[in-house]
Amino acid sequence: MRKVAFEDILNLYEYEKVRPEKVKELLGIKKKRSIFVGDIFHLFFENTFSVWFQIQEMIRAERMVKDEDILFEIEIYNDLIPEQNQLSATFFIEIPDNEERKRKLKELVGIHDGIFITFKDQKIKAKANEQSDMDYKFGKAATIHFIKFDFDNAQKELFKNEKAFIEINHKDINLKQEIPEEVKEELVKDLYAD
């Protein structure tokens, strides 16, 4: 999938003019690229547009104008865009109540190691980025994890043609959610993107 390039970035003035329509576009994309599993888990599958939008929002929030600062953001965020034969997701743990969140996050240390995409006889384990390993050091799960699922060509074909699920297995948590067809269509496009 194509990475975000410096030339794709709008300056603050130009971005403000198109921001309302880009927010609407992102909301439409989120519906087609999100999966909720159980009551507190949410996966959003990233693509070039979602990453471009995050970069633009960071530039806007930080009022960035220096090329080197913008290039740094592009480099960091581009890691969220999947490579060929790969899906990339942001995994959210959403617990609104502060006290419950503090308690539950301690129980969820290592949850990022128990996320899978399953279909037919295949089980593809999510690979979290190195920041997720900090959960073990701090004794509590982060509320956001960046994960990737690597497919080979045969798995890619099977995924396209079979029902697929997100599974989360961690201690006493065993959840399985079918990937809605609308979402799966988007993910298949990602897997076949150059």
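With respect to the chain, whose longest principal axis is taken over its alpha-carbon atoms, helix 12-33 is tilted by about 20°. Shape class for the stretch 104-172: prolate, because the ratio a/c of the largest to smallest gyration tensor axis (alpha-carbon atoms, square roots of eigenvalues) is 1.5 or more and a/b beats b/c. Rounded to the nearest 10 degrees, the inclination of helix 67-78 to the longest alpha-carbon principal axis of the chain is 20 degrees.
Computed 3J(HN,Hα) for the stretch 57-66, one whole-Hz value per residue from the Karplus formula 6.51 cos²θ - 1.76 cosθ + 1.60 where θ = phi - 60°, is 5, 5, 4, 5, 5, 8, 6, 6, 10, 7, glycine and proline marked x. Just check the stretch 50-112 against the gyration tensor rule for me: Cα atoms, a ≥ b ≥ c as the square roots of the eigenvalues, rounded for a/c under 1.5, and otherwise prolate or oblate depending on whether a/b exceeds b/c. It is oblate, given that a/c is not under 1.5 and a/b is not larger than b/c.
Which angle from 0 to 90°, rounded to the nearest 10, does the C-alpha axis of helix 181-192 make with the longest principal axis of the chain? Once rounded, one gets 70 degrees. Residues whose amide H comes within less than 5 Å of that of Ala126, counting only those at least five positions distant or on another chain, are Ile115, Phe116, Ile117 (H built at 1.01 Å from N in the peptide plane).
In the list [x] 9, 38, 37, 16, 1; [y] 8, 33, 34, 21, 4, 0; [z] 8, 31, 37, 19, 5, 0, the label attached to P(r) over Cα pairs in 10 Å bins from 0, in percent as derived from the coordinates here is [y]. Can you tell me which of Asn169, Asn47, Asn153 moves the most in a GNM of the chain? Springs connect C-alpha atoms under 10 Å apart. For the chain, modelled as a Gaussian network with Cα springs under 10 Å, the answer is Asn153. Take the Cβ atoms of Lys102 and Val18, set R0 to 45 Å, and the FRET efficiency comes out at 0.70. Whole-Hz Karplus values for the stretch 41-48 come out as 10, 9, 10, 10, 8, 7, 9, 4 Hz, taken residue by residue from phi with 6.51 cos²θ - 1.76 cosθ + 1.60 and θ = phi - 60°; glycine and proline positions read x. Of the residues Asn153, Tyr136, Ile168, the one whose Cα sits farthest towards the positive end of the charge dipole of the stretch 128-192 is Tyr136 (charges of +1 on Lys and Arg Cβ, -1 on Asp and Glu Cβ, taken about the Cα centre). Solvent-accessible surface (1.4 Å probe) assigned to Phe36 amounts to roughly 110 Å². Per residue, the accessible area of the stretch 1-81 comes to 56 Å² when a 1.4 Å probe rolls over the protein heavy atoms. Within the accessible surface of the chain, defined with a 1.4 Å probe on protein heavy atoms only, the carbon and sulfur portion equals 51 percent. When only Cα pairs below 8 angstrom with a gap of at least 6 residues are kept, the chain shows a relative contact order of 25 percent.
The GNM of the chain, with springs linking C-alpha atoms under 10 angstrom apart, assigns the highest mean-square fluctuation among Lys156, Lys24, Lys127 to Lys24.
The values are calculated or read from the model by the stated rules, or taken from the named source; none is laboratory data. These figures come from a predicted structure and were not determined experimentally. Note: ideal-geometry Cβ built from the backbone for every residue, glycine included; neighbour counts use all protein chains shown. For the accessible areas, the whole protein counts, side chains as well, though only heavy atoms, and no ligand, DNA or RNA atoms are used. Shrake-Rupley method; radii C 1.70, N 1.55, O 1.52, S 1.80 Å.
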